[in-house]
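The values are calculated or read from the model by the stated rules, or taken from the named source; none is laboratory data. All figures in this text were calculated on a predicted structure; none of them were measured in a lab. FYI the Cβ positions are ideal-geometry reconstructions off the backbone, even for glycines, and counts take in every protein chain you see.
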Amino acid sequence: MYLEYFKFKELPFTITPNIGFFCHLKGHQEALNTVLFSLRSGEGFIKIIGEVGSGKTLLCRKLLDSLDGDFVTAYIPNPDLNPIELRKALARELGIDPRSLQDQHELLTYINDRLLSLHADGKHIVLLIDEAQAIPPESLETLRLLTNLETETTKLLQVVLFGQPELDERLDQPSFRQLKQRISFSYYLPLMNRDDLDSYLFHRLATAGYTFGALFSDRARNILFKASQGVPRIVNILCHKALLVAYGRGEDRVSTQAMKLAIKDTDIAYSSSKPLLLIIIGLISLIITVLGFYIYKGII
């Protein structure tokens, strides 16, 4: 593809969460600092909320990479698990084979003993759950009960939840008020502003080995920001497609036309023509409604 054409060492805009491309934007760095501080303070529950495509999984993996040897981590990327499956997943992450255990009571005993053993070695045990909005209701209660495992002074298990805004909606339900009260720190991951976008593009291009000046024209970056609304995943998709277009056209940088073609080819991209179309449809509907009213009243 365009890897050799633009002299990249690797593709700069893949959508896989590669921590080598983690960009220290203000919002992402604040979120990372918040979690690290909270974990070192011994907080039980920490919650990070972000829109779809805002970089939660990348942040989660960056956090895993940032924790030093004082921490033992358990990572569950797909939490659509019933209570039994959730306990087994945690056990496996802690090095316990749940298949050798007789029942759930024995499983919980082994988990508790393992947590106590790690705590005695001076370790902090952290459970990180990505896509936390997908946790079934009964498993959320199981998660809360797992954090009841503690010594006289310290929680044996800390939990970091990464989820979409739907997680907040669920936690607002009265049945989850006990869990919500245990969340000590929360952070809402912001989307990129216009300045962030330039920093993000420069960082990813430099990380990929591009050192030959501005690859995206000013106008291309402006319409990229409008089309992506600052969502990192959409930025990556549009930049990848725009680079393909530029490569196919034999251009040495991404032009406005190349970016427009990328946007046109991407359903999730915001298009300035969409709001205008919605306005026109709304006006037509209003006119029809008004005409219908007057016809009904016999005025016309």
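Scan segment 42-55 and give yes if some residue there is at pLDDT below 95, surrounded by fewer than 15 Cβ atoms within 10 Å (Cβ to Cβ) and charged (D, E, K, R), otherwise no. Looking through segment 42-55, none of the residues is at pLDDT below 95, surrounded by fewer than 15 Cβ atoms within 10 Å (Cβ to Cβ) and charged (D, E, K, R). Every condition in (1) touching a residue at least 12 places away in the same chain (Cβ under 8 Å); (2) surrounded by fewer than 20 Cβ atoms within 10 Å (Cβ to Cβ); (3) not in a helix (DSSP H, G or I) is met by residue 20 except one, and the failing one is (3). The residues listed here are 80, 65, 70; of these, the one that is farther than 22 Å from residue 139 by Cβ, within 22 Å of the chain's Cα centre (by Cα), surrounded by fewer than 15 Cβ atoms within 10 Å (Cβ to Cβ) and outside the structural domain of residue 232 (by TED's automatic domain parsing) is 65.
The set of residues in segment 75-109 that are among the small types (Gly, Ala, Ser) and within 14 Å of residue 132 (Cβ to Cβ) contains only 89. Filter segment 39-67 down to the residues that are assigned to a helix (DSSP H, G or I) and farther than 24 Å from residue 18 by Cα and list them by number. Once the filter is applied, which keeps residues that are assigned to a helix (DSSP H, G or I) and farther than 24 Å from residue 18 by Cα, segment 39-67 yields only 40. Within the set 236, 222, the sole residue that is surrounded by fewer than 16 Cβ atoms within 10 Å (Cβ to Cβ), of a type outside the set (A, V, I, L, M) and at pLDDT 95 or above turns out to be 222. Restrict the check to segment 23-36 and report whether at least one residue is surrounded by fewer than 19 Cβ atoms within 10 Å (Cβ to Cβ), polar (S, T, N, Q) and touching a strand residue (DSSP E or B) at 6+ places or on another chain (Cβ under 6 Å). Yes - at least one qualifying residue is present in segment 23-36.
Looking only at segment 153-183, residues that are over 14 Å from residue 44 (Cα atoms) and out of contact with any Cys (no Cβ under 7 Å at 6 or more places or on another chain) come to 15 in all.
On inspection, residue 90 qualifies as free of Cβ contacts under 8 Å to residues at least 60 places away in the same chain, touching a helix residue (DSSP H, G or I) at 6+ places or on another chain (Cβ under 7 Å) and closer than 22 Å to residue 67 by Cα. Considering (1) over 16 Å from residue 188 (Cβ atoms); (2) touching a residue at least 12 places away in the same chain (Cβ under 8 Å); (3) among the small types (Gly, Ala, Ser), the lone condition that residue 69 does not fulfil carries the number (2). Quick one: is residue 131 under 21 Å from residue 35 (Cβ atoms), charged (D, E, K, R) and under 17 Å from the mean Cα position of the chain (by Cα)? Yes.
Scanning segment 30-50 for residues that are within 23 Å of residue 202 (Cβ to Cβ) and either outside the structural domain of residue 122 (by TED's automatic domain parsing) or among the charged types (D, E, K, R) (or both) yields a total of 1. Only residues that are buried (at least 18 other Cβ atoms within 10 Å of the Cβ) and out of contact with any Leu (no Cβ under 8 Å at 6 or more places or on another chain) were counted in segment 152-163, giving 1. When restricted to residues that are out of contact with any Lys or Arg (no Cβ under 7 Å at 6 or more places or on another chain) and not in a helix (DSSP H, G or I), segment 184-203 contains 8.
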